[in-house]
Amino acid sequence: MHNKTLADIIAGLNRGDFSSVEITRHFLDRIQQLDGQYNSFITVTAEAALASAAAADQQRANGSVPLFCGVPMAHKDIFCTNGVRTSCGSKMLDNFVPPYDATVVENFANAGAVILGKTNMDEFAMGSSNETSYYGPVKNPWDTNCVPGGSSGGSAAAIAARLTPAATATDTGGSIRQPAALCGITGLKPTYGRVSRWGMIAFASSLDQGGPMARTAEDCALMLNVMASFDGKDSTSIDRPVPDYSNYLNQPLSGLKIGIPKEYFGEGLNPGTEQAVRDALAEYEKLGATLVEISLPHSNLAVPAYYVIAPAEASANLSRFDGVRYGYRCENPKDLRDLYMRTRGEGFGEEVKRRILVGAYCLSAGYYDAYYRKAQQARRLIKQDFVDAFQQVDVIMGPTSPSPAFGFGAKGNDPVAMYLEDIYTIATNLAGLPGMSVPCGLVDNKPVGLQIIGDYFDEALMLNMAHQFQQATDWHQRAPEGLA
Ligand code: GLN
């Protein structure tokens with residue numbers, strides 16, 4: 001039962017092979033039995049899930065239903081859920097129960113989905129290993145001595161362990177794609193503005209984008225159909241029709257040009273990862289596509305530019321957590337200054353504090369031109385590289401991350417080593433482009449991801465390319481031992 005994809009579950013519910021209560025209970029039981037090992041959920045909403053599953057079964061018995069009616073899934077704990085704690089992985093929001101749903105949550109509710117719970121994540125989505133969560137690290141189901149990637153590591157691990165068929169996630173610099181790669185699942189970061197950010201707790205507003213995670217591209221297409229929408233409550237939401245992504249999944253690939261950036265195959269790339277990616281590219285040639293070597297000459301500026309811009313925006317966004325309006329408040333503050341200092345000192349973890357300090361520094365009057373303005377100029381150059389590349393090719397492919405999952409603590413004392421995890425994913429966020437990760441191999445029995453970068457609003461093409469690959473290979477069907 002737990003090996004079913006979303007597409008299988010929708011078909012099974014429609015045929016009456018099982019009820020929503022049955023399948024929901026199955027996943028809830030699995031979470032209860034197994035998640036002690038992975039820590040992929042922060043909150044499990046068992047009672048509410050069973051109640052909405054029962055309501056879905058009733059609705060189905062009464063007539064026609066929306067596509068996700070009775071389909072179980074999970075939300076990353078960054079999306080506000082009405083009446084259900086939304087912690088963002090932080091002590092600061094450990095007691096925060098939003099009085100409203102994020103637009104993404106509302107879209108899935110309108111489509112009939114049943115929510116199993118909220119998944120674990122790096123604190124305020126800052127991290128690449130899920131080691132910064134206030135609720136403890138998430139373990140990679142492929143090897144519990146290793147990290148699942150981050151920041152959407154809870155969503156990725158829960159899907160890999162078959163505790164949920166799908167989950168929402170967010171990506172500011174790689175947080176959908178990198179954990180998808182490290183956990184052997186499929187994830188898509190859409191074009192900036194495609195999915196509403198309303199009710200999605202802000203990290204770096206010009207980079208944050210919500211997207212789907214599931215085992216297959218076909219399931220990501222089903223989810224994106226629900227997630228993508230124009231939203232007047234998000235000033236950067238784009239008013240553009242949402243295609244039916246599932247309708248584009250069976251297009252031939254002949255004639256398509258795939259750009260291979262030479263900068264993505266240099267120093268620092270694990271040889272096993274490189275081989276798996278090269279094999280995947282050869283598969284695409286068999287499917288009729290042509291490989292074209294390209295250059296993204298400003299690639300080396302992406303990580304440094306991001307680590308100025310993202311902390312700068314974070315320092316502004318996180319200033320709202322002041323112990324006054326909501327969230328954590330220190331005990332017995334002496335005065336207002338003491339309230340601010342101790343609330344923020346006690347409520348935020350180390351990585352979040354590091355980002356706030358860096359961000360406030362880069363934005364301060366004396367340093368703005370030297371850092372923030374420079375970073376924005378670099379961002380423009382990075383974007384132009386992609387604009388030029390998409391004159392020549394239809395999509396760009398390369399590795400998602402430089403190596404398979406690493407051990408806990410492996411990069412603990414070196415923030416820069418951790419930041420380099422996103423060396424291939426960050427540029428797409430700076431440019432606002434869509435990016436995707438697709439399982440393409442195993443190195444030392446740990447999964448590796450192929451990254452597909454598309455032009456603006458080319459999610460349908462990317463999903464089709466991923467789907468064609470998944471029709472020809474079975475990497476996406478592999479499961480950690482004992483979990484299939
Ligand atoms: N790893 C990157 C960071 O720590 C990206 C995180 C993300 O995409 N949310 O900022």
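The values are calculated or read from the model by the stated rules, or taken from the named source; none is laboratory data. Given the structure is predicted, the values throughout are model-derived calculations rather than measurements. Neighbour counts run over all protein chains shown; Cβ positions are idealised from the backbone, glycine included. Note: accessible area is taken over every heavy atom of the protein model, side chains too, but ligands, DNA and RNA are not part of it. Shrake-Rupley method; radii C 1.70, N 1.55, O 1.52, S 1.80 Å.
Observations on the model:
- Residue match in the stretch 57-67 (condition: buried (at least 22 other Cβ atoms within 10 Å of the Cβ) and either in contact with a strand residue (DSSP E or B) (Cβ under 7 Å, 6 or more places away or on another chain) or touching a residue at least 60 places away in the same chain (Cβ under 8 Å) (or both)): no
- Residue, nearest to the ligand (Cβ to nearest atom), within the stretch 331-370, restricted to residues that are basic (Lys, Arg) and more than 28 Å from the chain's Cα centre (by Cα): Arg342
- Here the stretch 96-130 is the region considered, the condition is being under 17 Å from Leu224 (Cα atoms), of a type outside the set (Val, Ile, Thr) and open to solvent by 10 Å² or more (accessible area, probe 1.4 Å), and the residue that is farthest from the ligand (Cβ to nearest atom) is Gly112.
- For the stretch 169-177, the criterion of being under 19 Å from His2 (Cβ atoms) and either among the aliphatic types (A, V, I, L, M) or without any contact (Cβ under 8 Å) to a residue 12 or more places away in the chain (or both) is met by none of the residues.
- Taking the listed residues Leu433, Leu450, the one that is within 25 Å of Pro243 (Cα to Cα) and in contact with an Asp or Glu (Cβ under 9 Å, 6 or more places away or on another chain) is Leu433, with no other qualifying.
- Some residue of the stretch 75-83 being over 29 Å from Trp142 (Cβ atoms), open to solvent by 30 Å² or more (accessible area, probe 1.4 Å), in contact (Cβ under 8 Å) with a residue 40 or more places away in the chain and not small (Gly, Ala, Ser): no
- If you filter the stretch 201-218 down to residues that are within 16 Å of the ligand (Cβ to nearest atom) and closer than 13 Å to Glu459 by Cα, you find that the one that is surrounded by the fewest Cβ atoms within 10 Å (Cβ to Cβ) is Gly211.
- Filtered by the rule that a residue be open to solvent by 40 Å² or more (accessible area, probe 1.4 Å), of a type in the set (Ser, Thr, Tyr) and within 21 Å of Ala125 (Cα to Cα), the stretch 325-345 gives Tyr326, Tyr328.
- For Gly193, the conditions (1) at negative phi; (2) not in a helix (DSSP H, G or I) are fulfilled apart from (1).
- Complete set of residues in the stretch 418-445 that are within 12 Å of the ligand (Cβ to nearest atom) and either without any contact (Cβ under 8 Å) to a residue 24 or more places away in the chain or open to solvent by 20 Å² or more (accessible area, probe 1.4 Å) (or both): Met418, Tyr419, Leu420, Ile423
- Some residue of the stretch 259-268 being farther than 24 Å from Pro447 by Cβ and hydrophobic (A, V, I, L, M, F, W, C): no
- Failed item in (1) out of contact with any His (no Cβ under 8 Å at 6 or more places or on another chain); (2) open to solvent by 20 Å² or more (accessible area, probe 1.4 Å), with Phe348 passing the rest: (2)
- Lys262 being more than 23 Å from Ser403 (Cβ to Cβ), out of contact with any Lys or Arg (no Cβ under 9 Å at 6 or more places or on another chain) and either at pLDDT 95 or above or of a type outside the set (A, V, I, L, M) (or both): no
- Residues that are in contact (Cβ under 8 Å) with a residue 24 or more places away in the chain, open to solvent by less than 30 Å² (accessible area, probe 1.4 Å) and closer than 28 Å to Asn247 by Cβ, drawn from the stretch 3-26: Thr5, Leu6, Ala7, Ile9, Ile10, Leu13, Ser20, Ile23
For every residue, the table says whether it meets (1) surrounded by fewer than 24 Cβ atoms within 10 Å (Cβ to Cβ); (2) within 9 Å of the ligand (Cβ to nearest atom); (3) under 17 Å from Ser401 (Cα atoms).
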| residue | (1), (2), (3) |
| --- | --- |
| Asn140 | no, no, yes |
| Cys146 | yes, no, yes |
| Ser152 | no, yes, yes |
| Ala158 | no, no, no |
| Thr164 | no, no, no |
| Thr172 | no, yes, yes |
| Arg177 | no, yes, yes |
| Ile185 | no, no, yes |
| Arg194 | no, no, no |
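- For Pro404, the conditions (1) within 13 Å of the ligand (Cβ to nearest atom); (2) open to solvent by 10 Å² or more (accessible area, probe 1.4 Å); (3) touching a residue at least 24 places away in the same chain (Cβ under 8 Å) are fulfilled apart from (1).
Yes/no per residue for (1) of a type outside the set (Ser, Thr, Tyr); (2) assigned to a loop (DSSP other than H, G, I, E, B); (3) away from the ligand (no atom under 16 Å from the Cβ):
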{"residue": "Cys220", "(1), (2), (3)": "yes, no, yes"}
{"residue": "Asp239", "(1), (2), (3)": "yes, yes, yes"}
{"residue": "Ser254", "(1), (2), (3)": "no, yes, yes"}
{"residue": "Ala282", "(1), (2), (3)": "yes, no, yes"}
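- Residue in the stretch 426-438 that is within 12 Å of Ile396 (Cα to Cα) and in contact with a Phe, Trp or Tyr (Cβ under 7 Å, 6 or more places away or on another chain) present: yes
- Lone qualifier among Lys383, Lys411, Lys374 - being among the basic types (Lys, Arg) and crowded, with 18+ Cβ neighbours inside 10 Å: Lys411
- Candidate set from the stretch 285-300 (those that are farther than 13 Å from Asn429 by Cα and in a helix (DSSP H, G or I)); member that is nearest to the chain's Cα centre (by Cα): Asn300
- Per the conditions (1) hydroxyl-bearing (Ser, Thr, Tyr); (2) touching a strand residue (DSSP E or B) at 6+ places or on another chain (Cβ under 8 Å); (3) open to solvent by 30 Å² or more (accessible area, probe 1.4 Å), the sole criterion not satisfied by Ser254 is (2).
- Count of residues meeting criterion [closer than 25 Å to Leu163 by Cβ and open to solvent by 30 Å² or more (accessible area, probe 1.4 Å)] in the stretch 446-478: 5
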